[in-house]
1. Trypsin sites (Lys or Arg not before Pro) within the range 189-234: which are DSSP loop residues with at most 14 other Cβ atoms inside 10 Å?
2. Gaussian network model of the chain, Cα springs within a sub-10 Å range: biggest mean-square fluctuation belongs to which of 263, 28, 124?
3. Name the most mobile residue of 24, 158, 229, meaning the one with the largest mean-square fluctuation, in a Gaussian network model of the chain with Cα contacts below 10 Å.
4. Residue 156's amide H: which non-local residues (gap 5+, or another chain) put their own amide H closer than 5 Å, with H modeled 1.01 Å from N in plane and none for Pro or chain starts?
5. Would you be so kind as to identify which of 127, 178, 73 lies farthest towards the positive end of the dipole of the chain, taking Lys and Arg as +1 and Asp and Glu as -1 on Cβ and the Cα centre as origin?
6. On a full-extension model of 0.36 nm per residue, what is the gain between residue 21 and residue 206, subtracting their alpha-carbon distance, rounded to one decimal in nm?
7. Per DSSP H run of n ≥ 4, the term is -39500 (n - 2.57); total these for the chain, divide by its residue number, and report the mean residue ellipticity at 222 nm rounded to 500 deg cm²/dmol.
8. Would you mind getting the accessible area per residue of the range 132-246, heavy atoms of the protein chains only, 1.4 Å probe, in Å²?
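The values are calculated or read from the model by the stated rules, or taken from the named source; none is laboratory data. Predicted, not measured: the structure shown is a model, and the values here were computed from it. Using ideal geometry, Cβ is built from the backbone for each residue, glycine included, and neighbour counts are taken over all protein chains shown. What goes into the accessible areas is simple: the full protein's heavy atoms, side chains included, and nothing from ligands, DNA or RNA. Shrake-Rupley method; radii C 1.70, N 1.55, O 1.52, S 1.80 Å.
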Amino acid sequence: LELLPVRLPEWNRFYHDVVVRQIAYGNAADRGRTLLELAEVLDPLVLPEAVDEIGMSGDMSSVPPLIAMARPGEAASRSPYVQLKAIESLGRLKDAEAVGTLREILETKKTFGWVFHRELRIAAAQALSKTDPRYSTQVMSDSGLEAAELAIAPLDSAPACPWVRQRRYERLILAKTVQGTIGSSWGKSRIMIRELSLGGGMGTKEDNLRIGSEADLEISLGMRSKIRAHVLLRRARVNEVGFEIVNTDLESRYKLRRLLVEALTSAPQNKGGQEWGGERKV
């Protein structure tokens, strides 16, 4: 581990992804600190995954750097997607030190409407509700956000879970498959997506075209509306592909949330029947 900051810049994105996952699998108590030390040399498309795992680690020493990543303002090394992931990780860690930053993102207004993108505001509202349950009622009454939007939330780490690397988002089985396209240097393939979450999903390729380890994903929502994301691909069974979203713009992330809201309300097996209160869903 001591040599990783020196060697990582020599490795490509695939191996950066492997390193982050192996550190997460290791389940060491200080893995959050280790991932923070690697953050500056990680590939930009692997950094969001690392930020997720920092939040899942439960390492409270990670809170100040995560606040810096989540704080409003432009930073050359931080994409809006990394900012979003940092907000979600602060919600997993539930430290009161983050409340000021989260409230700023959620509550700051301009002349007409809100300063920050709705997706950032939803993430901040969810994080506040976990950090201090007193905010739950206020979030719903003052924020203009919908209960259904807040119901699609990041999962917390569950200490009693037998799995070392836990799922970071609840995956929903779609009542109706969604058509998408994955494109890479190998070509383009159509994919029928049947499981989906805020972090990725699972689908079936409609051809035998060879694909690499990453791709650009487009999910069609109508004549002009699309969800666009860059994904890392995980092999499953023959012609089945799992994918993890490693970069997307905030508007596409919000469209994905709305798609999941529809799936949650339309499919009987996905209905929880209760208002979300910030806890981990089973």
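1. Numbers: sites: 190, 194, 205, 210, 224, 226, 228, 234; in loops: 210, 224.
Taking the range 189-234 and a limit of 14 other Cβ atoms within 10 Å, the loop trypsin sites (Lys or Arg not before Pro) found are 210, 224.
2. 28
3. Of 24, 158, 229, the Gaussian network model singles out 158 as fluctuating most.
4. Here the answer is 280, 281, since their amide H atoms fall under 5 Å of that of residue 156.
5. Farthest towards the positive end: 178.
6. Details: separation 185, 0.36 × 185 = 66.60 nm, distance 2.88 nm.
Going from the current span to full extension adds 63.7 nm.
7. Values: 11 runs with 112 residues, N = 282.
Result for the chain: -11500 deg cm²/dmol, rounded to the nearest 500.
8. On the way: 6020 Å² over 115 residues.
Value for the range 132-246: 52 Å² per residue.
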